[in-house]
Amino acid sequence: MHTSSDILGHPKGLFVCFATEMWERFSYYGMRALLILYLTKHWEFSDAASYLIYGAYTSLVYIMPVFGGMLADQILGSKKAVTYGAILLVFGHLGMTVESNEQIFYLSLALIVSGVGFLKPNISTMVGALYEEGDPRRDSGFTIFYMGINIGAFTATLLCGYLGEEIGWAWGFGAAGIGMLLGLIIFLWGQKYLEGLAEPPSEKYREKRAGITFENWAYISGIIMVLTTWFLVQNSQLVGQLLGGFGFIFIGAILGWEVPASMFQSLNAGFIFTIAPLFALLWIALAKRNMEPSTPIKFSIGIVFVGLGFLALVYGMKSSEGLQTGVLWIILIYLLHTLGELCLSPVGLSSVTKLSPQRIVGFMMGMWFFASAAGNYVAGLIARATSSESSGVSGEVYNLAQKQSFIDVYTDVGLMAIGCGIVLALITPLLKKLMHGSS
């Protein structure tokens, strides 16, 4: 329902969530961009140990939203959960500026993981709550929200990456912490625009058990999450046995300037916040003409784009002489994957809010992010399949044998992705029936 208080045809609360999540993602991606480099250069961990910690951290980040969503659904409501998560994140990011104590470093990672667990699923749930059932603006609203996520990611990987690598680690991590603090301030200021849609689901949060309110028990659960994560990131092989996952960092050169590895990650986010407004307008325009693709078809298109991105990179690697691959092919895979992501991720967030029963929408949003933990594991398997050890190359040497390994693995992944996209399109009629008109 449109009202005079809308901005650009969307509720004001959308832009409060937009700004909050933008700064939260600024803090998260700013820290993540530096993490592997910080582990290897500052703490002088081996590459293997660093990847284990990184894999455990990124997996846990997508596991904890399940618990944060459950606590919001049952006790806290989205507003209190997001506020608590933001506070944990502020302390976690500022703790990362302490470079002299390894235990403070691990504790800071744990605070960030738990903070994301409370904030990420519930702020997405808030966005969905701003739109009435059947509102055609919902997918467009989530696309705008997703643009905010990637504005934060884009600026963070550039600014925090540069500050951390070129000036000092504390500067990069400190900038991330300041960003999260700004996000918390914006959220507290803008709560009046959420129209009371993010309050606790019942009066249960006021009830007491053992002399402590359920609200405070939920906060205590958050502290238990922190302590559990603190243990797991120091024993990352335990997480690896469950989900694993680690990423590889690409270092390239443009116009003769060696780009810091952490800054190269900004391409995806840059493409997203540039292209996302077009997708937001596209979905609304198609809906007005009764031409908007169903959610499964959007997912299918997105997966096909992912496959095309891998195959484009394979073509570029085959057509490039020697070991190097032209930077334009790297840009192209990011572009194609971004187009796929815009067909899938914001639409998926929107679908969770449409399809989930209201009493468990936070939990189901957490499950959506939990699926990314499996994605991290698969990414780790792909990275391992292309590693020097898998190619029979010792040390850090990169040769034609490993390049061929990349080509072979990416060809398989690209073809499988396109195949999955086609299969999803074929079973769309069945999926639409199961969605009961919410497609």
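Any read-out appearing in this document is the output of simple, stated calculations on the displayed coordinates, not a laboratory observation. All of these numbers come straight from a predicted model, not from anything done at the bench. Backbone-built Cβ (ideal geometry, glycine too); neighbour counts: all protein chains shown.
What the table shows:
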| item | result |
| --- | --- |
| Local electrostatic count, Trp169, Cβ distance below 12 Å [Lys/Arg +1, Asp/Glu -1] | -2 |
| Footprinting exposure proxy for Ser46, Ser320, Ser221 (fewest neighbouring C-beta atoms within 10 Å first) | Ser46, Ser320, Ser221 |
| Derived scalar couplings ³J(HN,Hα) [the range 34-49; Karplus, 6.51 cos²θ - 1.76 cosθ + 1.60; whole Hz; x for Gly, Pro] | 9, 4, 4, 5, 5, 5, 7, 8, 8, 7, 6, 6, 5, 4, 4, 5 |
| Protection proxy ranking, peptides 421-433, 199-211, average beta carbon neighbours within 10 Å, highest first | 421-433, 199-211 |
| Environment charge at Ile186 (Cβ cut-off 12 Å; Lys +1, Arg +1, Asp -1, Glu -1) | -2 |
| The range 110-119 - phi-based ³J(HN,Hα) in whole Hz, Karplus 6.51/-1.76/1.60, Gly and Pro as x | 5, 4, 5, 4, 5, x, 4, x, 7, 7 |
| Net +/- balance of residues flanking Phe105 in space, Cβ distance below 15 Å, scoring K and R +1, D and E -1 | -1 |
| Ranked Val361, Val409, criterion: other C-beta atoms within 10 Å, fewest first | Val409, Val361 |
